[in-house]
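Working notes, structure below.
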Amino acid sequence: ASGSAGLAGGPGNGQAGRRNESEQQRERRQIEIDLHHAVANMEFEVFYQPILDVNSRSITAFEALLRWPHKSRGMMSPEIFIPMAEETGLITQLGAWVLRKACEQAAEWPDHIGISVNLSPIQFESPSLLPTIISTLAATGLAPHRLELEITETALLGTEGKNIRILEAIREIGVRIS
């Protein structure tokens, strides 16, 4: 009897699970649509977290933190929208915008204060990365030694020779890597 109830659409047949999955897919698709719109209109904010020297207890730099104040969902977690931006290819455009905003802001700070910006592995692989860094520094007037790019270990796992050349080129212009 329980087998026929399941086949007939009764309890335990997975209909609720499929509905829930479908709702999750719709929600994800809507967030993706909203993300495309937000990137097109740069509806993001950059917050700055201080980095302190432990010995002197003075601020030596700030880390740029990207936030998305979604119009109906409130502040969206980067854990949600960054992977989605990577999957959809929006991360390169978004990352360039964050780099520019962070460097513009840092250029207004005292010369001894640096700025740290995270790069996604996808940004690191982009052929536009080095030109973006160079043009951003030129446009903002930020001294290269004040910029530190944070690169995850996974970004370095690609074609090793290419990644080493990119790292060397970034260092040659005076930007720090961590």
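The values are calculated or read from the model by the stated rules, or taken from the named source; none is laboratory data. As the structure is a computational prediction, the values presented were derived from the model and not from experiment. Cβ placement follows ideal geometry from the backbone for every residue including glycine, while neighbour counts extend to all protein chains displayed. Accessible surface is based on the protein model in full, side chains and every heavy atom, while ligands, DNA and RNA are left aside. Shrake-Rupley method; radii C 1.70, N 1.55, O 1.52, S 1.80 Å.
Is it the case that residue 116 is in contact (Cβ under 8 Å) with a residue 12 or more places away in the chain and either small (Gly, Ala, Ser) or touching a Cys at 6+ places or on another chain (Cβ under 8 Å) (or both)? Before you say what the answer is, go through the steps one by one.
Working: in contact (Cβ under 8 Å) with a residue 12 or more places away in the chain: yes; either small (Gly, Ala, Ser) or touching a Cys at 6+ places or on another chain (Cβ under 8 Å) (or both): yes.
Here the answer is yes, as residue 116 does meet what is asked.
Note on region 35-116: enclosed strands (runs of 3 or more DSSP E) holding 3 or more residues that are open to solvent by 30 Å² or more (accessible area, probe 1.4 Å), modelled with pLDDT of 95 or more and closer than 23 Å to residue 132 by Cβ are 45-52, 59-70.
Does region 5-15 hold any residues that are out of contact with any helix residue (DSSP H, G or I) (no Cβ under 6 Å at 6 or more places or on another chain), open to solvent by 50 Å² or more (accessible area, probe 1.4 Å) and either at pLDDT 90 or above or not in a helix (DSSP H, G or I) (or both), and which are they? Write out each step before concluding.
Narrowing region 5-15 to residues out of contact with any helix residue (DSSP H, G or I) (no Cβ under 6 Å at 6 or more places or on another chain): 5-11, 14-15.
Right, trim to open to solvent by 50 Å² or more (accessible area, probe 1.4 Å) and you get 7-8, 11, 15.
Once the filter is applied, which keeps residues that are out of contact with any helix residue (DSSP H, G or I) (no Cβ under 6 Å at 6 or more places or on another chain), open to solvent by 50 Å² or more (accessible area, probe 1.4 Å) and either at pLDDT 90 or above or not in a helix (DSSP H, G or I) (or both), region 5-15 yields 8, 11.
For region 117-129, the candidate set comprises residues that are outside any loop (DSSP other than H, G, I, E, B) and in contact with a Gly (Cβ under 7 Å, 6 or more places away or on another chain); within that set, the residue that is surrounded by the most Cβ atoms within 10 Å (Cβ to Cβ) is 123. Taking the criterion of being more than 29 Å from residue 93 (Cβ to Cβ) and at pLDDT 55 or above, the residues of region 16-34 that qualify are 18, 19, 20, 21, 22, 23.
Does residue 152 satisfy the condition of being open to solvent by less than 50 Å² (accessible area, probe 1.4 Å) and either touching a helix residue (DSSP H, G or I) at 6+ places or on another chain (Cβ under 9 Å) or under 16 Å from residue 35 (Cα atoms) (or both)?
Working: open to solvent by less than 50 Å² (accessible area, probe 1.4 Å): no; either touching a helix residue (DSSP H, G or I) at 6+ places or on another chain (Cβ under 9 Å) or under 16 Å from residue 35 (Cα atoms) (or both): yes.
Spelling it out, it is not the case that residue 152 is open to solvent by less than 50 Å² (accessible area, probe 1.4 Å) and either touching a helix residue (DSSP H, G or I) at 6+ places or on another chain (Cβ under 9 Å) or under 16 Å from residue 35 (Cα atoms) (or both).
Taking the conditions exactly as written (among the aliphatic types (A, V, I, L, M), assigned to a helix (DSSP H, G or I) and surrounded by fewer than 19 Cβ atoms within 10 Å (Cβ to Cβ)), does residue 139 satisfy them or not? Yes: the conditions hold for residue 139.
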